[in-house]
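Novice: Quick one: the structure is below, questions incoming.
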Amino acid sequence: MKHIARFIPLMVFMPSIALAQGEFGELSDFFENFVGFINDTLVPLVFAIAFLVFIWGVFQYFIFGGADDEKKKAGRSLMLYGIGGFVLMVSVWGIVNLLANGLGFTDENIQNIPDVRLQND
């Protein structure tokens, strides 16, 4: 059973490969929609969550913390996690841009990172 499960992805894509079509049709549209969903929805959502974590840490440290060292410590760690999240996301975003431009997937400006086109226009 394990051996059959390995070949299921190959069996799914084999008809499109065997027909040697210029475009994959619906499969290409699916991938474009999937990449668009990631670029337009998930990436801004993750950035927004990291920003909210940072802001919550600022509130805990400066406003709610007051004289309580435990709340200040928790706020400081949340701020560091938020900043670390920003650094990690921007780094990954830059690596994706370098790979996309290096492999020739996109000819667009840096404003459209990580928008990688799946079809040549």
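Bear in mind these aren't lab numbers, they're just calculated from the coordinates by the rules spelled out. Everything quoted here is computed from the prediction, not taken from an experiment. Virtual Cβ from ideal backbone geometry, glycine too; neighbours counted across all protein chains shown.
Novice: To make sure I understand, if each residue's beta carbon is the centre and we count other beta carbons within 10 Å, what order do SER91, SER77 fall in, fewest to most? Don't skip to the answer; put the middle values down first.
Specialist: Numbers: SER91 10, SER77 13.
The order, fewest Cβ neighbours first, is SER91, SER77.
Novice: Run the numbers for VAL96 and ASP40: contour at 0.36 nm per residue of separation, minus the present Cα-Cα distance, in nm. Show your work: numbers first, answer last.
Specialist: Numbers: separation 56, 0.36 × 56 = 20.16 nm, distance 1.57 nm.
Between VAL96 and ASP40, full extension yields an extra 18.6 nm.
Novice: Give me the distance in nm between label points sitting 7 Å out from Cα along the Cα-to-Cβ direction at VAL58 and LEU103, one decimal.
Specialist: 3.7 nm
Novice: Which loop-located GluC sites (Glu not before Pro) does segment 21-70 contain, where loop means any DSSP state but H, G, I, E or B and the Cβ has at most 16 other Cβ atoms within 10 Å?
Specialist: Values: sites: GLU23, GLU26, GLU32, GLU70; in loops: GLU23.
When the GluC sites (Glu not before Pro) of segment 21-70 are filtered for loop state and at most 16 Cβ neighbours within 10 Å, GLU23 remain.
Novice: In addition: What shape does segment 37-116 take by its C-alpha gyration tensor, where a ≥ b ≥ c are the square roots of the eigenvalues and a/c under 1.5 counts as rounded, a/b above b/c as prolate, and the rest as oblate? Please report the intermediate quantities before stating the final value.
Specialist: On the way: a/c = 4.90, a/b = 3.15, b/c = 1.56.
Note, shape of segment 37-116 comes out prolate.
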